[in-house]
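Undergrad: Here it is, the structure in full.
The values are calculated or read from the model by the stated rules, or taken from the named source; none is laboratory data. None of the values given here were measured: they were computed from a predicted structure. So basically every Cβ, Gly included, is an ideal-geometry build from the backbone, and we count neighbours across all protein chains shown.
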Amino acid sequence: MQKRFLMVLMAALPLALFAGRAMADVSVIQLNVQAGRFNPTTVTAPAGIKFKLHVNNAGPGAEEFESSDLNREIVVAPGHSIDVFLGPLQPGSYRFFGDFHPDTAQGRLVIR
Amino acid sequence: MGSILFIVWRESIEAVLVIGILLTCLNRLGAGRAARWWMWAGVAGGLMLSGALAAATMLVQDELQGRSLQWFQTGMMFAAAALLTQMVLWMQRQGRKMKAGLEADLTRAVARRQDIGAGLIALLAVAREGGETVLYVYGVGAGQSTLGVALPVVAGVALALLTAWLVSRGVRRLDYRIFFRVTGVLLLLSASGLVVSGVASLCGMGVLPGLIEPVWNTAGLLDSGSGLGAIIATLTGYRSSPSLTMVLSWVTYWIVVFWLTRRHQPAPAAATA
């Protein structure tokens, strides 16, 4: 049976790599986080396109970019940045937050 | 204090539940001692891997390293889901045999493989959320007294252990057949949640498209981002605003599980013979 799991995995991998190649060139939107606060707190992007959020953590301390609306959850080390691929999204407002500072690190992504 | 306690409880509850339920099942199958040893070794390994992952996250130098780390963490989710599914299906078969009064036909080698599997599941369960928890506690705890940090951490883990104890105590009272059905479903639900998280992670890395995002939004009913909703989300794979890709992966997972279950079920005629 383990063999079967491996087979499924091996079948899925080339598909995944193929899909990854197709998404190389997308527009970038900058999002900074410092001391538990996002800047800007409202990010706007057009509906129907893929883009990536370049989340830069100025520190101090690690931050986790998290959003249940967007199904993303990723830790950003202080002094570093990560790319979060998003979209195409339906028009609307999507809440995101920094899970390591949930009281202050709040923001939203507006898609229109 | 309160937030550290809650976060530690929330992050450790899944691992503690999975490990607790697995142990209860293995004990009931009579495969207890060696499996227990492997699982504790797995927990210890998982704690070490958590520390290593936290350190790796802080030491990331460039985009490429960050991406490798994401691949590794995503791989951990799929590996955990596959191991857990395989283990549950094995236990279901074993449980059926024991119930039918058949001699357990597992050779030592097969049993050993399952013990190691159980250890690996424990390792991955602990390491998956462990790294983030270490980073969180490290960040929030900076500038606080050691006791002020250690106390809520210990309390959070204790609370998770208590929850798991209550659950496994509750299911232990169940009749043999229902017991394996209930625990099996609980563990498979958790595995389906791992698959969904893994797929969401691949979408976030730009590896998979979201297709339609979101397909629906039930955040008003039960928000998978906070409180009870977040715990239900990690335990069942529920998401309040999933992408189509995530929904498809969840459905595919269950189709594969049902297919694998059916394949190993004896034909009705053979069962009565």
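Undergrad: Working only within region A:89-112, note down all residues that are hydrophobic (A, V, I, L, M, F, W, C) and either surrounded by 15 or more Cβ atoms within 10 Å (Cβ to Cβ) or out of contact with any Phe, Trp or Tyr (no Cβ under 9 Å at 6 or more places or on another chain) (or both).
TA: Matches in region A:89-112: A:L89, A:F96, A:F97, A:F100, A:A105, A:L109, A:I111.
Undergrad: How many residues does region B:171-225 contain that are in contact with a Cys (Cβ under 9 Å, 6 or more places away or on another chain) and small (G, A, S)?
TA: Selection size over region B:171-225: 2.
Undergrad: Follow-up question, since we're still on this one. I need the full set of residues from region B:156-186 which are farther than 16 Å from B:N27 by Cα, touching a residue at least 12 places away in the same chain (Cβ under 8 Å) and of a type in the set (A, V, I, L, M, F, W, C), in order please.
TA: Result: B:V157, B:L159, B:A160, B:L161, B:L186.
Undergrad: Given the criterion part of a helix (DSSP H, G or I), on the phi < 0 side of the Ramachandran plot and either at pLDDT 95 or above or crowded, with 18+ Cβ neighbours inside 10 Å (or both), identify the matching residue among B:G148, B:G75.
TA: B:G75
Undergrad: If B:S224 satisfies every condition in (1) modelled with pLDDT of 90 or more; (2) closer than 22 Å to A:I74 by Cβ; (3) facing chain A (nearest Cβ under 10 Å) but one, which is the exception?
TA: Failing condition for B:S224: (1).
Undergrad: State the number of residues belonging to region B:151-208 that are aliphatic (A, V, I, L, M) and not in a helix (DSSP H, G or I).
TA: 4
Undergrad: Within region A:60-74, can you find the residues that are in contact (Cβ under 8 Å) with a residue 24 or more places away in the chain, under 16 Å from B:T133 (Cβ atoms) and facing chain B (nearest Cβ under 7 Å)?
TA: Passing the criteria: A:G61, A:A62, A:E64.
Undergrad: Can I ask one more? Out of region A:76-88, which residues are without any contact (Cβ under 8 Å) to a residue 24 or more places away in the chain and crowded, with 17+ Cβ neighbours inside 10 Å?
TA: Residue satisfying the conditions is A:A77 alone.
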